[in-house]
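Quick notes on the structure that follows.
Each reported figure results from applying straightforward, stated rules to the coordinates on display, with no laboratory input. On a predicted model such as this, the values are computed, not experimentally measured, just so you know. Quick reminder, even Gly has a Cβ in these numbers, built from the backbone with ideal geometry, and neighbours come from all protein chains shown.
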Amino acid sequence: MDVIMQLIFAKVTLISLLLLFSNGTHALSQNGHRIVCDMAFQLLSKNTQKKVKELVDLMPKWDREKLNDYQKVGASSKVKFSNACVWPDSIKNNNPWNKVKIWHYINVQRDESEVQLDDCLVGCLITGINLHSKVIKSESDKLSKAYALYFLGHWYGDIHQPLHVSFADDIGGGDTKIRNFSGCSNLHSVWDGCIIKETNLSESKLAKSLLKSIANMKDNADLKSTLDEWKSSSVKDMANESLQIAIKENTEYCKLSSSGKCEKIPNDPGRPSRALPDDYFENNWPILSVRLKQAAVRLAARIEDTLN
């Protein structure tokens, strides 16, 4: 534990800065993280799957019980890799892990169309992915490697959720109040879990459907090149993809002004919230489904690289 904590905080010197810039606790929903990591695991080679299982089985009892309580399952329930990817959310309000809460997202300025280095000065998703990849690849301590793997799976889910690369002044859409979408009360939660919920598919069926789509891409020469492009994308590329989706008109997060700033969209007249268009799911599920596939394909490729 000492080794990984030293590595985790190697690039963070002022804890007060971390707390000052922390903008909330939103994260891709449990089902979103489990779907991404379930798919990624199934995309791994048998040898790498075995290595992942060994690291997941190293999860200490306290962490396992904390995770299972967070997922509302029995304390002794078996933890798979898909569950382990939810673990960073289950402990992010506990010491010492609460110091890296800001690594769950990237805050950008409203006039930015690309993520800048300054956006990550005190740590962000890019920090987490790069650091935990390094820990998995080079750290000899097995428990340190295990914790890094749980985080890495989580970070890949978060960086592919568009509103995790967004604006601090509205908590990435957390302050954008919504009243008519699958029980979600804000736009961030719509993208975290409610669009997935609207598919009316179980996690296993949705993962199976998306994996079938990935398999079809592998069998098509033109689409296979797209898969190769996904795998070769940099972490910054992934972040910029999310930002571009966040500021798209159909996302209903913000509206581009003539000056290039993506301004807040006001609430409906006389209401403390706004209604999303009736075709919001139809317009945005195809986008989110691609993000889930990209996250799984890229995570699997990163795990293969770091564990082998």
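For the chain, the membrane-span-like helices by this rule, meaning whole DSSP H stretches whose C-alpha atoms cover at least 27 Å of axis and whose Kyte-Doolittle mean is -0.5 or above, are 280-307; this says nothing about an actual membrane.
Give the shape of the range 171-249 as rounded, prolate or oblate, defined through the alpha-carbon gyration tensor: a ≥ b ≥ c are the square roots of its eigenvalues, a/c under 1.5 means rounded, and otherwise the shape is prolate if a/b is larger than b/c and oblate if not.
Oblate is the answer for the range 171-249, as a/c is 1.5 or above yet b/c matches or exceeds a/b.
The residues neighbouring residue 76, those whose beta-carbon lies less than 11 Å from its own, together hold a net charge of +2 under the Lys/Arg +1, Asp/Glu -1 convention. Here the relative contact order of the chain, from alpha carbon pairs under 8 Å that lie six or more residues apart, stands at 25 percent.
Projecting the Cα atoms of 161, 128, 239 onto the charge dipole of the chain (Cβ charges, centred on the Cα centre) puts 128 farthest toward the positive pole. Expressed per residue, the C-alpha convex hull volume of the range 112-265 stands at 163 Å³.
With one equal scatterer per alpha carbon and no solvent term, the Debye-computed log10 I(q)/I(0) for the range 198-308 at 0.13, 0.14, 0.16, 0.21 1/Å reads -0.68, -0.77, -0.93, -1.24.
Dipole magnitude for the chain: computed about the Cα centre from +1 point charges on Lys and Arg Cβ and -1 point charges on Asp and Glu Cβ, it is near 1040 debye. Packing around the peptides 291-298, 220-227, 206-213, 141-148, taken as the average count of other Cβ atoms within 10 Å per residue, puts them in this order, highest first: 291-298, 141-148, 206-213, 220-227.
Any idea what % of Cα-Cα pairs in the chain are farther than 25 Å? Distances greater than 25 Å cover 48 percent of the Cα pairs.
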